[in-house]
Amino acid sequence: EGHLEEAGVWEQEALELRKRLVRETGTVEARGNLGSSYRNLGSIYEARERLTEARQSYEEGLKLWRRLAEETGTIKARTFVGALCENLGGVCQAEGNLKEAERYYEESMNVFRQLVRETEETEVWNDLADICGRRAALSQMRGDGEAADRYFLEGEAVVRQLCGKTGAARARINLATFLERRGANLQLQGRQAEARACYEECLEIRKKLYEE
């Protein structure tokens, strides 16, 4: 807690400095840096379970990055929009506001779905997979196992493509995790054969990773 409090102080100072730079210059870079500061501060508040302040910081960051995305259309700006929507969805979920969490998660997914059509950047693909996992978990919380399975499948498909593109250990670890989570979801629905297939593939991937 003490470390987070100190980090919050430093980030607040950085935020004030960047506000001044925006007032003085108004450049795209200055506004982007300010938006990033708001996101950083939001993550510190969220880690400290100060959810109201986290939400306010994320909302300010989202406003800035939305404007930049509209003005520039860059992948970077749109990536921040998607990431901040995911952040806000997480705060809403923690607050128990599942409907609003769903709205933010859906917007985040739509942003990243579009971005993966435009770029081969691995992190963007990972971002889409991550938000699919979050959206699936939210569906599980709402008791909708079928919807959760659709989101798990979408995330799994993204990670499978990453495995084919990069073969990286991270992608294979993520694929195993999606298979395990989807297997558990299928098991709860009584779809035992499908669950078993997921678990078996997950185990095979993890065996190979261990042997490497």
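The values are calculated or read from the model by the stated rules, or taken from the named source; none is laboratory data. Keep in mind that this is a model prediction, so the values were computed, not measured. Here the Cβ is made from the backbone with ideal geometry for all residues, glycine too, and neighbour counts use every protein chain on show. Ligands, DNA and RNA are stripped out before the accessible areas are found, and what is left, the full protein with its side chains, is counted by its heavy atoms. Shrake-Rupley method; radii C 1.70, N 1.55, O 1.52, S 1.80 Å.
Looking across segment 64-90, the residues that are open to solvent by 40 Å² or more (accessible area, probe 1.4 Å) and of a type outside the set (Val, Ile, Thr) come down to 66, 67, 70, 71, 76, 78, 80.
How many residues does segment 91-106 hold that are in a helix (DSSP H, G or I), farther than 14 Å from residue 63 by Cα and either open to solvent by 10 Å² or more (accessible area, probe 1.4 Å) or in contact with a Pro (Cβ under 6 Å, 6 or more places away or on another chain) (or both)? Residues in segment 91-106 being in a helix (DSSP H, G or I), farther than 14 Å from residue 63 by Cα and either open to solvent by 10 Å² or more (accessible area, probe 1.4 Å) or in contact with a Pro (Cβ under 6 Å, 6 or more places away or on another chain) (or both): 9 in total.
Scanning segment 121-131 for any residue that is among the hydrophobic types (A, V, I, L, M, F, W, C) and without any contact (Cβ under 8 Å) to a residue 24 or more places away in the chain turns up nothing. Taking segment 151-179 as the range and being charged (D, E, K, R) and farther than 16 Å from residue 135 by Cα as the test, the residues that pass are 160, 165, 170, 172.
Yes/no matrix, rows are residues, columns are (1) under 18 Å from the mean Cα position of the chain (by Cα); (2) closer than 23 Å to residue 93 by Cα; (3) of a type outside the set (Asp, Glu):
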| site | (1), (2), (3) |
| --- | --- |
| 130 | yes, yes, no |
| 139 | yes, yes, yes |
| 145 | no, yes, yes |
| 159 | yes, no, yes |
| 200 | no, no, no |
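Look at segment 160-186: where a residue is more than 27 Å from residue 146 (Cβ to Cβ) and a partner is crowded, with 17+ Cβ neighbours inside 10 Å and small (Gly, Ala, Ser), sitting 6+ places away or on another chain with Cβ atoms under 9 Å, you get 164/171; 165/171.
In segment 38-57 there is no residue matching the filter, namely being more than 26 Å from residue 134 (Cβ to Cβ) and hydroxyl-bearing (Ser, Thr, Tyr). Remark: residue 153 falls outside the filter, which requires a residue to be of a type outside the set (S, T, N, Q) and open to solvent by less than 60 Å² (accessible area, probe 1.4 Å). Of the residues in segment 48-56, at least one is open to solvent by less than 30 Å² (accessible area, probe 1.4 Å) and under 23 Å from residue 86 (Cα atoms).
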